[in-house]
1. Charges at C-beta only: +1 for Lys and Arg, -1 for Asp and Glu. How large is the resulting dipole of the chain about its Cα centre, in Debye rounded to 20?
2. Which helices, counted as full DSSP H runs in the chain, have an axial Cα extent of no less than 15 Å and a Kyte-Doolittle average of -1.0 or above?
3. What does DSSP give for the chain in terms of the percent of beta bridges that are antiparallel, rounded to the nearest 5?
4. Would you list, by chain and number, the lysines whose Cα falls below 29 Å from the Cα of LYS262, excluding same-chain residues fewer than 8 positions away?
5. With unit charges on the beta carbon (Lys/Arg positive, Asp/Glu negative), name the residue among VAL367, ALA221, PHE335 whose Cα is farthest towards the positive pole of the charge dipole of the range 14-368.
6. Using the Karplus curve 6.51 cos²θ - 1.76 cosθ + 1.60 with θ = phi - 60°, work out ³J(HN,Hα) for each residue of the range 4-14 in order, rounded to whole Hz, and write x for Gly and Pro.
7. What accessible surface, in Å², does a 1.4 Å probe find on ARG423, ignoring ligands, DNA and RNA and rounding to the nearest 10?
8. Once amide H atoms are placed 1.01 Å from N in the peptide plane, what residues at a sequence separation of 5 or more from VAL15, or on another chain, have their amide H within under 5 Å of its amide H?
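The values are calculated or read from the model by the stated rules, or taken from the named source; none is laboratory data. Computed from a prediction, not measured in an experiment: that's the story for all the values here. In this analysis, Cβ positions are derived from the backbone assuming ideal geometry, glycine residues included, and neighbour counts consider all displayed protein chains. The area values use the complete protein model at the heavy-atom level, side chains included, leaving out ligands, DNA and RNA. Shrake-Rupley method; radii C 1.70, N 1.55, O 1.52, S 1.80 Å.
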Amino acid sequence: MAYFPIWRLTNNVTVLPDERLPTSAAIPMGIQHLLAMSGSTIVAPLIMGFDPNVAVFFSGIGTLLFFLITGGRVPSYLGSSFAFIAVVIAATGYGGSGANANIGVALGGIIACGALYALIGLIVMGVGTGWVERLMPPAVTGAIGVAIGLNLAPVAVSQLKGTHAHITIALMTVLCMAIISAYGPRATRRVAVLLALVFGYLLVLIFGNGLGMVPGINFDAVGAAAWFGLPHFVKPEFSWPAITLIAPVAIVLVAENLGHIKALGSITGQNMDRYIGRGFFADGLATMVSGSGGGTGVTTYAENIGVMAMTKVYSTLVFVIAAVVALALSLSPKFGAILQTIPAPVLAGLAVSVFGLIASAMARIWVVNKVDFADPRNLFTVGVALIFGAGDFTVTIGDFALGGIGTSTLAALVLYQLLGIGRRETT
């Protein structure tokens, strides 16, 4: 089998990873994936005091690395990982506003995390995924994947809160996406996220800039920004306390990426298990590269899986388009300024829609693998993991903080194995 597939041109309802759309349809799909990741990829660095333009730049680099290392077989976009937020804030003492003055030590920890993650990928490539499969069967990976989606629910709900006009525009954006997805022509359904964003943006222009019912869009920063310019790169600093705090996030990323690749195999109908090791290694390497220049740790993006589940377009070439556009846009400070103009109610509506699709897409792992929920082992493993993830149960030991994604991951891994002692293996 050739390293890269020969992408066949198609216009079917379902477009497989080794197929491609006509250029006129592929470019909007690539832009839609760029927009789907943009909210989280921009929000995550802002929460940590990182430069969002640098994060977008390295998301493009990371996505291209992932494409090359996986041989163009796994449709994924790499963006800022929320799993780093708690540990980065703890390691740097970030106050929550403005630039992070201690970003260097966080970057050193992110690089160490990426190195550990890449090493795990090499081990999987060398000895296979058997041990990973035994550690994380479908009941566990589904639980972790759904918990990740539910863990994002407070982010979406917090964005949704506001005035009645704010909530109305956000929910209208959700409704717009739902109607397009359910009733729109095939070509329109494929760009439902993009169209919903434009729809919400227009609503804010009308009811904000025009009628003053919500804060209007301020374009002053866009006009003042330069058209071209390099992102503001930052050098890493290696501090052992920060490394020991941040590096263990690799375990969360392994579970997250495994869940994503399993979900991709489920929704595409193609077994992608043989690419799991390559996916881990690619994601780890991309995280190292990102940390070396001031970017956040990266991960395969569940938001884009949600878009794929909705559009049924899985062509890997779409993600090359998204990555190239991300790189081009990140080299323009004006792009960064434009990103800042996306209105809060519109981002809230997109968050509600896309984050919800993350959890539902991950839940399909249980359906496809016929996980038996009459088995208390599966029932308790999934139940506890979902509560920890949805409730963002955080364990703090000294300077170390393990957030909801980490605790739900650990709970699923440990509880499933404990409940399997002295009995036959079940899924």
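1. The dipole of the chain has a size of about 840 debye.
2. Correct list, ordered by number: 23-48, 52-69, 103-127, 138-151, 164-183, 192-204, 249-268, 276-291, 317-330, 344-368, 376-390, 404-418.
3. Working: 6 of 9 bridges.
Here the antiparallel bridges make up roughly 65 percent for the chain.
4. Qualifying lysines at Cα under 29 Å: LYS312, LYS370.
5. After comparing all options, I get VAL367.
6. Each residue of the range 4-14 in turn: 9, x, 9, 5, 8, 6, 8, 9, 5, 4, 9 Hz.
7. ARG423 has an accessible surface of roughly 90 Å² with all protein chains in place.
8. VAL313, TYR314
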